[in-house]
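Worksheet for the structure shown next.
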Amino acid sequence: MIALENNIYFSSETNDMDLNLIYTFIKNSYWGESRTLEEQKKAMENTINYGLFHNGNQIAYARVMTDKVFFAYLLDVFVIEDYQGKGYSKLLIDKILNFPELKNVDKWMLATKDAHKLYERFGFKTVKSPEKLMEKLSQRAKIIYE
């Protein structure tokens, strides 16, 4: 863990992440309500995990799916309720985008229903050529994304 400010720590170590807290938060979100604990665990095992911690307790989380050169996809970003509105989402995203292994990635993407203003601060924009993008959705994904 890396000390940041006011007893806030940043980590990219999967072992530092609080799986139960992460799963519970995501299970109660609009995007993750159909996930199982096993699915969340597997997803975490196959992506880079990032967290913010206060006094040893996890307060924020995000994960990135990437090849570390050309493409990265930001997923599952959240700050627990008691810490929302205090700048921690901005802090977490800044630490991720400037993470040594990721800071030179060519293209970042994400999907959000309601946090466009947050991500715009970091240079994210709506897709300019959506006709170039394609997707294949499972029945479960159709419920979330359509």
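General remarks:
- Model label sites at LEU118 and ASN28, defined 7 Å from Cα along the beta-carbon direction, differ in position by 1.6 nm.
- Extent along principal axes [Cα atoms of the chain; Å; largest to smallest]: 45, 33, 28
- Proxy reagent accessibility, fewest Cβ within 10 Å first, across PHE25, PHE122, PHE70: PHE70, PHE122, PHE25
- Net length gained if the chain between ASN57 and ASN98 were fully extended (0.36 nm per residue, minus Cα distance): 12.5 nm
- Distance from region 16-59 to region 89-146 (C-alpha centre basis), Å: 18 Å
- Note on TYR145 and LYS128: the extension gain reaches 4.2 nm, defined as 0.36 nm multiplied by sequence separation minus the Cα-Cα distance.
- Once exposed loop trypsin sites (Lys or Arg not before Pro) are cut out (DSSP; at most 14 other Cβ, 10 Å), longest piece of the chain: 1-67
- Treating r as the C-beta distance of GLU81 and LYS107 and R0 as 35 Å, the FRET efficiency rounds to 0.65.
- Radius 15 Å from Cβ of ASN20, net charge of other residues (Lys, Arg +1; Asp, Glu -1): -2
- Neighbour net charge for TYR61 - beta-carbon separation under 11 angstrom, K R +1, D E -1: -2
- Estimated distance in nm for a label pair at PHE71 and LEU4, the labels positioned 7 Å out from Cα along Cα-to-Cβ: 2.8 nm
- Most mobile listed residue (GLY51, GLY32, GLY85) in the chain, GNM with C-alpha springs under 10 Å: GLY85
- For region 1-79, the convex hull spanned by the alpha carbon atoms encloses 95 Å³ per residue.
Read-outs throughout are calculated quantities, based only on the coordinates presented, and are distinct from any laboratory measurement. Small disclaimer: the values here were computed from a predicted structure and weren't measured. No Cβ is skipped: glycine too gets one built from the backbone with ideal geometry, and neighbour counts run over all protein chains shown.
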